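Asks: One structure, pasted below without further comment.
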Amino acid sequence: MADVYSMDSQLLEAFMVDVFRGLGVPEMDARICADVLATADRRGVDSHGVGRLKPIYYDRIRKDRIQQPVTRLEVVRDFLATAVLDGHHGMGMVIAHRAMEMAIEKARRHGLGMVVARNSTHYGIAGYYALMACNAGMIGLTGTNARPSIAPTFGVENMLGTNPLVFGFPTDESFHFTNDYATSVTQRGKIEQYEREGKTMPPGWVINHRGETETDPAAVLRDLVAGQAALTPLGGIGEATGGYKGYGYATVVEVLSAALQQGAFLKQLSGLDADGSPVPYALGHFFLAINIECFTDTAAFRKTTGDILRELRGSLKAPGQRRIFTCGEKEYLAWMDRRAKGIPLDDTVQRQMITMRDELELNGYRFDFER
Ligand SMILES: NC(=O)c1ccc[n+]([C@@H]2O[C@H](COP(=O)([O-])OP(=O)(O)OC[C@H]3O[C@@H](n4cnc5c(N)ncnc54)[C@H](O)[C@@H]3O)[C@@H](O)[C@H]2O)c1
């Protein structure tokens, strides 16, 4: 097996569709789930692509049985511009996709559409749903809570999820603006990647119960699971570098993911019962679509947004820096690059793909990296 092998993204996506179908996910839903993961891979978000297929979806459905492959989506409340959904522990991507579709439909008719969901599961890259609104010519906003990971400022206990808070703005450029990131300095997927690559983490990403930072990814992952360490909010440890601002934004996401939909929050999202047995994560999400035409011409909005981004990129660079980026740009560049070169798969992911193929008897797949 090669250390890193690049696979055509269409073939990778087809494989993921078949894995989801093999798990019992209906065809159309399997396509949505695979599209979310393949979009992460195409955009260079390696922490949330095919590398998550086995640990986050396959194992939770097949081994832990804490997620339902068939999504039973219940509309709990539905007013003109708003709705509340209950996902009954189905597929998070399917619940989120439907919720943003509903928000867009409502915004088309009423200017704004906001849909919140409870009892959902991991929905993947938040940017996917913000981009759905951008592709409909609208502003998108989304966030989700997640299993407890971040310690509040001056605390050391993992309380808040990595809680991404993501906006999407259509522009007059080749790519939309999306600030697609967690409200922690880093997130678990990136630490797992550091471990796979045998790298040491920068200080300040994690705080342990002694109030010290840790940098060994294997020890950090162990301590995070044991509740002996926590991630730090955006801004880092303490007040000096503004850690309380990330702490505040993570709390905003926790409230919008739990209070409107009366869902679970903080430690209730640990995924374990009192005996330590796996239970559904019962996550909450929120989705907002804003119809730009109710405020100004979409073309004018796109141009002003593009002007702001171009002016930022054109500003004075720090010594040694050749380029300033704006949000969504690196993902666009990755998309262009990977369209030609394919998606890099490290040997852990290659092994996981072989295991899933064999266990589901997807005998039509023979991977080049097995030679
Ligand atoms: N579903 C969940 O529970 C969950 C939780 C946390 C994160 N996530 C997802 O994980 C993914 C990765 O999150 P992350 O926090 O590691 O993101 P990250 O730190 O890799 O940041 C990525 C974002 O920052 C922008 N960016 C990067 N460098 C930049 C620069 N120099 N200038 C301007 N912008 C720049 C990118 O365009 C992108 O929008 C995201 O897709 C996020 O939605 C999901």
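Asks: If Cys327 satisfies all but one of (1) in contact with a Ser or Thr (Cβ under 7 Å, 6 or more places away or on another chain); (2) more than 29 Å from Asn158 (Cβ to Cβ); (3) surrounded by 14 or more Cβ atoms within 10 Å (Cβ to Cβ), what's the number of the condition it fails?
Replies: Answer for Cys327: the failing condition is (2).
Asks: Hey, another quick one. Output the qualifying pairs, or none if there are none: Cβ atoms under 9 angstrom, residues six or more apart or on different chains, first residue in region 294-305 and more than 16 Å from Ser174 (Cβ to Cβ) and not assigned by TED's automatic domain parsing to the domain that holds His176, second residue of a type in the set (S, T, N, Q) and loosely packed, with under 13 Cβ neighbours inside 10 Å.
Replies: Within 9 Å, no pair qualifies.
Asks: Only one of these conditions is not met by Gly113: (1) small (Gly, Ala, Ser); (2) within 15 Å of the ligand (Cβ to nearest atom); (3) surrounded by 22 or more Cβ atoms within 10 Å (Cβ to Cβ). Which number is it?
Replies: (2)
Asks: May I ask you to list the residues in region 82-97 that are under 19 Å from the mean Cα position of the chain (by Cα) and outside any loop (DSSP other than H, G, I, E, B)?
Replies: Within region 82-97, Gly92, Met93, Val94, Ile95, Ala96, His97 meet the criteria.
Asks: Check region 267-277 and report whether any residue there is within 12 Å of the ligand (Cβ to nearest atom) and surrounded by 22 or more Cβ atoms within 10 Å (Cβ to Cβ).
Replies: Scanning region 267-277 turns up at least one residue that is within 12 Å of the ligand (Cβ to nearest atom) and surrounded by 22 or more Cβ atoms within 10 Å (Cβ to Cβ).
Asks: State the number of residues belonging to region 223-266 that are crowded, with 21+ Cβ neighbours inside 10 Å and modelled with pLDDT under 95.
Replies: Adding up the residues that qualify gives 1.
Asks: Here's a follow-up. Can Ala151 be described as under 18 Å from Glu254 (Cβ atoms), within 9 Å of the ligand (Cβ to nearest atom) and either modelled with pLDDT of 95 or more or of a type in the set (S, T, N, Q) (or both)?
Replies: no
Asks: So in region 345-362, with the set limited to residues that are of a type in the set (S, T, N, Q) and modelled with pLDDT of 95 or more, which one is farthest from Ala38 (Cα to Cα)?
Replies: Once the filter is applied, the top-ranked residue is Thr355.
Asks: State whether one or more residues within region 300-309 are within 14 Å of the ligand (Cβ to nearest atom), under 30 Å from Arg52 (Cβ atoms) and either modelled with pLDDT of 95 or more or over 22 Å from the mean Cα position of the chain (by Cα) (or both).
Replies: Within region 300-309, one or more residues are within 14 Å of the ligand (Cβ to nearest atom), under 30 Å from Arg52 (Cβ atoms) and either modelled with pLDDT of 95 or more or over 22 Å from the mean Cα position of the chain (by Cα) (or both).
Asks: Taking the conditions exactly as written (farther than 16 Å from Ala126 by Cβ and modelled with pLDDT of 95 or more), does Met93 satisfy them or not?
Replies: So Met93 does not fit the description; no.
Asks: Another question about this same structure. Restricting attention to region 176-198, does a residue exist that is away from the ligand (no atom under 16 Å from the Cβ) and surrounded by 19 or more Cβ atoms within 10 Å (Cβ to Cβ)?
Replies: No, because not a single residue in region 176-198 is away from the ligand (no atom under 16 Å from the Cβ) and surrounded by 19 or more Cβ atoms within 10 Å (Cβ to Cβ).
The values are calculated or read from the model by the stated rules, or taken from the named source; none is laboratory data. Since the structure is predicted, the reported quantities are computational estimates derived from the model, not experimental observations. Methodologically, a virtual Cβ is constructed for each residue, glycine included, from the backbone with ideal geometry; neighbour enumeration extends over all protein chains shown.
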